[in-house]
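Take a look at the following structure, please.
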Ligand SMILES: Nc1ncnc2c1ncn2[C@@H]1O[C@H](COP(=O)(O)OP(=O)(O)OP(=O)(O)O)[C@@H](O)[C@H]1O
Ligand SMILES: [Mg+2]
């Protein structure tokens with residue numbers, strides 16, 4: 001297994017403000033899989049993703065990614081782990097406003113010894129003609145493409161997306177999903193995608209549904225619908 | 001809404017407590033330095049003028065070759081000129097110091113006894129204050145003067161020796177070597193009759209009745225002291241305003257006062273600007289809230305008032321506390337010890353001038369309000385919508401296209417462009433700090449150079465100034481002719497000594513030609529008055545009120561006091577002396593000259609000792625100035641890089657998610673600043689030096705020393721290295737701050 005999560009628990013606060021957010025989560029994802037994480041608001045999706053991304057520490061349990069155990073890792077080691085393996089895509093793009101599209105992507109290119117070809121990636125993403133624009137000069141969808149390109153440029157083995165289409169209309173959402181699909185096929189990138197959108201479930205290899213910090217569904221799709229054919233996005 | 005805003009002011013203060021605290025402390029420190037320096041200056045100026053008035057300071061003094069007759073004195077008195085004999089005899093004590101013995105005063109230049117009481121009987125003496133301090137004398141001690149036993153009954157000062165120098169042409173007062181002493185009239189006369197002592201000096205101090213002037217005194221004197229060809233009967237005439245001994249401390253402090261007040265405004269303006277950068281930064285962060293408030297009907301005035309209030313409060317309280325410290329025991333009183341350790345002054349109560357209190361309470365908040373108003377007004381003039389969207393003005397500069405694929409370099413350029421305002425503040429802060437630094441450094445360099453130049457240029461071991469020259473020149477001595485003239489520049493009159501020398505002179509390097517009125521000037525004269533060969537120099541004989549025009553033919557190394565050289569024969573002709581006349585003897589060892597003929601004796605050791613006094617005296621002031629300059633740069637640098645890190649915290653947190661290491665982040669976000677600081681330093685150092693060099697003649701207009709502000713070229717790279725070192729320290733501190741920014745921050749807030 002590429003990613004193995006075992007009995008992960010996570011809580012915030014103490015006494016009156018105490019909340020048990022993750023209550024013993026276990027699952028696994030194979031290399032090259034696209035996996036959707038679903039659940040109601042506040043169910044702990046983002047928290048789980050952040051634990052996997054090494055941004056939050058878990059209270060107990062184990063997360064193994066590419067053979068590395070995250071539990072108990074020192075912050076500097078976690079930072080190197082993110083640097084070497086991960087790519088992040090956020091709901092609100094989070095581009096650096098005073099850098100151009102190209103420069104935003106270069107931020108992450110800098111981190112990799114063997115980055116993807118920048119021009120080729122810009123072509124695939126469809127931003128070639130916007131490379132010298134600043135984020136404020138782009139539409140939301142274009143900004144998210146840029147954010148994805150930034151996450152992909154260093155050719156990460158694991159891509160973590162927290163509601164990548166959350167702020168986009170359905171047409172643009174589809175474009176983004178098609179893009180993720182293409183990337184997955186082309187580079188074999190393992191992907192974890194947190195989303196509220198039900199339709200996305202059918203395009204991925206695996207689905208994980210969480211409720212109150214516990215796994216309520218965990219299954220693989222036998223048949224996958226290509227993103228281009230998804231309905232009700 | 002007002003109440004809500006008031007609460008927010010407190011919250012702002014809490015949120016950025018360390019930043020406000022740092023600023024507050026800087027303002028306290030700045031105002032403390034300004035009020036203590038200016039307060040001390042004001043105290044010395046006001047109180048020494050008051051004391052001079054109370055003690056009937058002379059309007060002038062003149063010296064005659066032989067005493068006036070009683071009839072002559074009466075003529076003067078009848079003409080409304082109140083006279084006080086201040087005849088004196090210089091006595092060399094066993095410890096090598098010189099005591100100028102005078103009789104008690106009745107009408108003019110009264111002695112202010114700080115400790116003990118005035119002299120009443122034979123065997124009692126009142127000693128000058130600074131001399132007593134240097135020698136550890138106290139009331140009740142026994143002292144031996146020229147073989148006679150005395151009891152010190154009092155320690156005091158006189159207004160005519162405010163600067164306690166033996167000769168008017170002395171560069172500096174050195175109280176370890178010279179002081180005054182007062183005895184009864186009878187005792188003084190007994191001394192005067194002693195043949196073995198050095199000759200008596202016949203100086204009269206005068207005070208004028210209403211309507212009388214200096215001219216009246218001179219006219220009366222001329223009527224019975226005709227100017228003879230052979231001997232000048234009136235050897236010196238100095239009015240109080242041209243006498244470097246009188247109100248010297250006050251004159252010295254005028255500059256401190258002005259510089260302090262100006263520096264205060266400059267530094268406060270700088271910090272007002274620093275504050276405005278903070279506030280603008282804060283407004284940017286809160287733009288959405290402000291926009292919403294606008295939409296809800298809030299007026300710009302109210303918002304502006306809100307953002308201006310906290311800075312105005314902090315600067316006001318800082319200024320008031322700084323002033324309180326300045327007027328407390330650790331302030332002005334301590335600053336004054338600099339004056340007390342040099343000038344001979346009675347004990348003064350600190351004065352607390354109202355204007356200074358107002359200055360301290362008003363300048364910081366008003367500057368803060370004015371600067372903030374202009375900086376914020378534009379920012380807050382945007383529409384509600386554009387504020388809500390927090391539109392960055394898409395300035396051309398920020399969106400400039402960068403060529404090349406060097407990502408790190410491009411990133412730094414972008415960061416620098418984004419942080420333009422903070423960078424400009426750093427540069428301005430650096431320049432102000434450099435100005436202050438150069439002020440201190442110049443002070444140090446001037447003292448050191450004056451000492452070095454004067455000591456190096458003295459080739460003789462002893463110099464005798466004679467009152468009555470004998471015909472025969474003693475064995476091994478070199479005869480010269482010296483006259484004391486004066487020059488007034490920048491409001492101060494200083495003695496310039498003209499020395500006539502032979503072409504084969506062993507002791508001076510100058511070789512003046514025998515052209516008429518042609519002189520070679522000492523290095524100190526050249527630097528002080530900015531003279532070079534070919535220039536003309538006019539010197540005045542204050543006794544005869546005659547001006548002498550000279551032409552400078554060259555410059556020599558001599559730098560003791562202010563001295564110019566002339567061909568001795570030409571000089572004799574110019575001043576109407578017979579050929580062969582001399583009044584100065586130089587030698588490699590002591591000469592067997594009749595004590596009664598000696599007017600003044602200077603040894604090389606004396607010159608060496610008094611040369612060192614400048615640096616010693618000024619060191620506390622220099623240290624304070626240099627420290628202040630360091631603090632200004634450090635704080636501005638620290639606060640501004642703090643703003644940069646703060647503003648970049650979102651981006652930093654983002655790249656942390658991507659796995660950037662703290663060092664890499666520092667390199668991306670802060671290392672571009674190195675170029676800014678280095679460039680600012682390179683561009684700023686030389687103009688700062690030049691600017692301070694330009695104001696310096698004013699600063700030392702009352703000191704009879706050269707103005708050699710030269711320092712070796714390697715000071716520049718050292719200063720540069722110092723600046724970069726401060727930069728590195730600040731960056732190290734900010735790097736720790738970067739290390740503390742959490743990557744999760746991005747997930748919580750968005751930019
Ligand atoms: N730093 C924190 N401190 C305290 N509670 C937190 C913190 N972060 C998250 N929580 C709580 O943990 C719970 C799960 O949050 P999480 O963000 O994982 O939910 P989510 O499933 O991503 O929800 P959404 O779909 O709305 O994004 C929520 O109840 C939230 O209030
Ligand atoms: Mg979430």
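The values are calculated or read from the model by the stated rules, or taken from the named source; none is laboratory data. Just so you know, these numbers come straight off a predicted model, no measurement behind them. Neighbour counts run over all protein chains shown; Cβ positions are idealised from the backbone, glycine included.
Could you say which residue among A:34, A:58 is within 23 Å of residue A:180 (Cβ to Cβ), touching a helix residue (DSSP H, G or I) at 6+ places or on another chain (Cβ under 8 Å) and away from ligand 2 (no atom under 13 Å from the Cβ)? So that I can check it myself, show each step before the final result.
Details: A:58 fails: within 23 Å of residue A:180 (Cβ to Cβ).
On inspection, the qualifying residue turns out to be A:34.
Return the total of residues in the stretch A:17-31 being free of Cβ contacts under 8 Å to residues at least 60 places away in the same chain and more than 16 Å from ligand 2 (Cβ to nearest atom).
Restricting attention to the stretch A:17-31, the residues satisfying the condition of being free of Cβ contacts under 8 Å to residues at least 60 places away in the same chain are A:17-19, A:28.
If we keep only those that are more than 16 Å from ligand 2 (Cβ to nearest atom) too, we end up with A:17-18, A:28.
Of the residues in the stretch A:17-31, 3 are free of Cβ contacts under 8 Å to residues at least 60 places away in the same chain and more than 16 Å from ligand 2 (Cβ to nearest atom).
Scan the stretch A:36-45 and give yes if some residue there is part of a strand (DSSP E or B) and more than 16 Å from ligand 1 (Cβ to nearest atom), otherwise no.
no
So residue B:421 fits all but one of (1) at pLDDT below 90; (2) away from chain A (no Cβ under 14 Å); (3) touching a helix residue (DSSP H, G or I) at 6+ places or on another chain (Cβ under 9 Å); what number is the exception?
Failing condition for residue B:421: (2).
Residues to consider are B:388, B:375; find the one that is modelled with pLDDT of 85 or more, outside the structural domain of residue B:637 (by TED's automatic domain parsing) and in contact with a helix residue (DSSP H, G or I) (Cβ under 6 Å, 6 or more places away or on another chain). Give the steps one after another, and end with the answer.
Numbers: B:388 fails: modelled with pLDDT of 85 or more.
Of B:388, B:375, the one residue that is modelled with pLDDT of 85 or more, outside the structural domain of residue B:637 (by TED's automatic domain parsing) and in contact with a helix residue (DSSP H, G or I) (Cβ under 6 Å, 6 or more places away or on another chain) is B:375.
Yes or no: residue B:345 in contact with a strand residue (DSSP E or B) (Cβ under 8 Å, 6 or more places away or on another chain), over 30 Å from residue B:644 (Cα atoms) and crowded, with 18+ Cβ neighbours inside 10 Å? Can you show your working first?
Details: in contact with a strand residue (DSSP E or B) (Cβ under 8 Å, 6 or more places away or on another chain): yes; over 30 Å from residue B:644 (Cα atoms): yes; crowded, with 18+ Cβ neighbours inside 10 Å: yes.
Yes, satisfied.
Going by the conditions given, is residue B:466 more than 14 Å from chain A (Cβ to nearest Cβ), in contact with a helix residue (DSSP H, G or I) (Cβ under 9 Å, 6 or more places away or on another chain) and at pLDDT 90 or above? Walk me through how you get there before you give the answer.
Working: more than 14 Å from chain A (Cβ to nearest Cβ): yes; in contact with a helix residue (DSSP H, G or I) (Cβ under 9 Å, 6 or more places away or on another chain): yes; at pLDDT 90 or above: no.
No: the conditions fail for residue B:466.
For the stretch B:533-588, which positions are touching a residue at least 60 places away in the same chain (Cβ under 8 Å), in contact with a helix residue (DSSP H, G or I) (Cβ under 9 Å, 6 or more places away or on another chain) and over 21 Å from residue B:508 (Cα atoms)?
B:542, B:543, B:544, B:545, B:548, B:577, B:578
Same structure, new question: Which of the residues that make up the stretch A:7-31 are within 18 Å of residue A:208 (Cα to Cα) and out of contact with any helix residue (DSSP H, G or I) (no Cβ under 8 Å at 6 or more places or on another chain)?
If the condition is that a residue be within 18 Å of residue A:208 (Cα to Cα) and out of contact with any helix residue (DSSP H, G or I) (no Cβ under 8 Å at 6 or more places or on another chain), then A:7, A:9, A:23, A:24, A:26, A:27, A:28, A:29, A:30, A:31 are the ones that fit.
Quick check on my filter: what residues within the stretch A:58-75 are touching a strand residue (DSSP E or B) at 6+ places or on another chain (Cβ under 9 Å) and either crowded, with 16+ Cβ neighbours inside 10 Å or closer than 21 Å to residue B:741 by Cβ (or both)?
A:58, A:61, A:63, A:64, A:65, A:70 - these are the residues of the stretch A:58-75 that are touching a strand residue (DSSP E or B) at 6+ places or on another chain (Cβ under 9 Å) and either crowded, with 16+ Cβ neighbours inside 10 Å or closer than 21 Å to residue B:741 by Cβ (or both).
Working only within the stretch B:715-751, note down all residues that are within 18 Å of residue B:665 (Cβ to Cβ) and touching a helix residue (DSSP H, G or I) at 6+ places or on another chain (Cβ under 6 Å).
Once the filter is applied, which keeps residues that are within 18 Å of residue B:665 (Cβ to Cβ) and touching a helix residue (DSSP H, G or I) at 6+ places or on another chain (Cβ under 6 Å), the stretch B:715-751 yields B:727, B:730, B:734, B:735, B:737, B:738, B:739, B:741, B:743, B:745, B:746, B:751.
Right, next: I need a count of the residues in the stretch A:76-91 that are surrounded by fewer than 18 Cβ atoms within 10 Å (Cβ to Cβ) and facing another protein chain (nearest Cβ under 9 Å).
Within the stretch A:76-91, residues that are surrounded by fewer than 18 Cβ atoms within 10 Å (Cβ to Cβ) and facing another protein chain (nearest Cβ under 9 Å) number 3.
Scan the stretch B:697-725 for residues that are in a helix (DSSP H, G or I) and either crowded, with 18+ Cβ neighbours inside 10 Å or within 14 Å of another protein chain (Cβ to nearest Cβ) (or both) and report the count. Before you say what the answer is, go through the steps one by one.
Within the stretch B:697-725, the subset in a helix (DSSP H, G or I) is B:697-699, B:715-725.
Cutting the leftovers down to either crowded, with 18+ Cβ neighbours inside 10 Å or within 14 Å of another protein chain (Cβ to nearest Cβ) (or both) gives us B:699, B:719, B:723.
Residues flagged as in a helix (DSSP H, G or I) and either crowded, with 18+ Cβ neighbours inside 10 Å or within 14 Å of another protein chain (Cβ to nearest Cβ) (or both) within the stretch B:697-725 amount to 3.
Against the definition (outside the structural domain of residue B:353 (by TED's automatic domain parsing), in a helix (DSSP H, G or I) and farther than 30 Å from residue B:634 by Cα), how does residue B:127 come out, yes or no?
no
Condition test on residue A:64, is it more than 30 Å from residue B:401 (Cα to Cα), more than 11 Å from chain B (Cβ to nearest Cβ) and more than 16 Å from ligand 1 (Cβ to nearest atom)? Walk me through how you get there before you give the answer.
Numbers: more than 30 Å from residue B:401 (Cα to Cα): yes; more than 11 Å from chain B (Cβ to nearest Cβ): yes; more than 16 Å from ligand 1 (Cβ to nearest atom): yes.
Taking the combined requirement at face value, the residue satisfies it.
For residue A:197, are the conditions met, namely being within 15 Å of the chain's Cα centre (by Cα), away from chain B (no Cβ under 14 Å), within 13 Å of ligand 1 (Cβ to nearest atom) and surrounded by fewer than 22 Cβ atoms within 10 Å (Cβ to Cβ)? Full working, then the answer.
On the way: within 15 Å of the chain's Cα centre (by Cα): yes; away from chain B (no Cβ under 14 Å): yes; within 13 Å of ligand 1 (Cβ to nearest atom): yes; surrounded by fewer than 22 Cβ atoms within 10 Å (Cβ to Cβ): yes.
Answer is yes for this residue.
Still on this model: For the stretch A:212-226, check the following and say yes or no: at least one residue is surrounded by 17 or more Cβ atoms within 10 Å (Cβ to Cβ), touching a helix residue (DSSP H, G or I) at 6+ places or on another chain (Cβ under 9 Å) and modelled with pLDDT of 90 or more. Lay out the reasoning, then the answer.
If we filter the stretch A:212-226 for residues that are surrounded by 17 or more Cβ atoms within 10 Å (Cβ to Cβ), which is where we start, we get A:213, A:215.
Then keep just the ones that are touching a helix residue (DSSP H, G or I) at 6+ places or on another chain (Cβ under 9 Å); that gives A:213.
Within this subset, residues satisfying the condition of being modelled with pLDDT of 90 or more are A:213.
Yes, the stretch A:212-226 contains a residue that is surrounded by 17 or more Cβ atoms within 10 Å (Cβ to Cβ), touching a helix residue (DSSP H, G or I) at 6+ places or on another chain (Cβ under 9 Å) and modelled with pLDDT of 90 or more.
Further question: Go through B:127, B:76 for me and flag whichever is crowded, with 17+ Cβ neighbours inside 10 Å and at pLDDT 95 or above. Steps first, answer last, please.
On the way: B:76 fails: at pLDDT 95 or above.
Selected residue: B:127, the only one of B:127, B:76 that is crowded, with 17+ Cβ neighbours inside 10 Å and at pLDDT 95 or above.
Out of the residues in the stretch A:162-172 meeting the condition of being within 13 Å of chain B (Cβ to nearest Cβ) and at negative phi, tell me which one is modelled with the highest pLDDT.
Quick first cut of the stretch A:162-172, residues within 13 Å of chain B (Cβ to nearest Cβ) only: A:162-163, A:166-167.
Checking which are at negative phi leaves us with A:162, A:166-167.
On the way: A:162: 91, A:166: 84, A:167: 80.
Here the answer is A:162.
Are any of the residues in the stretch A:38-51 in contact with a strand residue (DSSP E or B) (Cβ under 8 Å, 6 or more places away or on another chain) and away from ligand 2 (no atom under 16 Å from the Cβ)?
Step one: list which residues in the stretch A:38-51 are in contact with a strand residue (DSSP E or B) (Cβ under 8 Å, 6 or more places away or on another chain), which gives A:38-40, A:43-49, A:51.
From what is left, the residues that are away from ligand 2 (no atom under 16 Å from the Cβ) are none.
Taking every residue of the stretch A:38-51 in turn, none turns out to be in contact with a strand residue (DSSP E or B) (Cβ under 8 Å, 6 or more places away or on another chain) and away from ligand 2 (no atom under 16 Å from the Cβ).
When the residues of the stretch B:640-652 are narrowed to those that are surrounded by fewer than 21 Cβ atoms within 10 Å (Cβ to Cβ) and closer than 21 Å to residue A:78 by Cβ, which ends up farthest from the other protein chains (Cβ to nearest Cβ)?
B:649
In addition: Among the residues of the stretch A:16-24, is any more than 13 Å from every other protein chain (Cβ to nearest Cβ), within 13 Å of ligand 1 (Cβ to nearest atom) and in a helix (DSSP H, G or I)?
From the stretch A:16-24, those more than 13 Å from every other protein chain (Cβ to nearest Cβ) are A:16-24; that's our starting set.
Remaining after also requiring within 13 Å of ligand 1 (Cβ to nearest atom): A:16-23.
So of that shortlist, the ones also in a helix (DSSP H, G or I) come out as A:16-17.
Checked the stretch A:16-24: at least one residue is more than 13 Å from every other protein chain (Cβ to nearest Cβ), within 13 Å of ligand 1 (Cβ to nearest atom) and in a helix (DSSP H, G or I).
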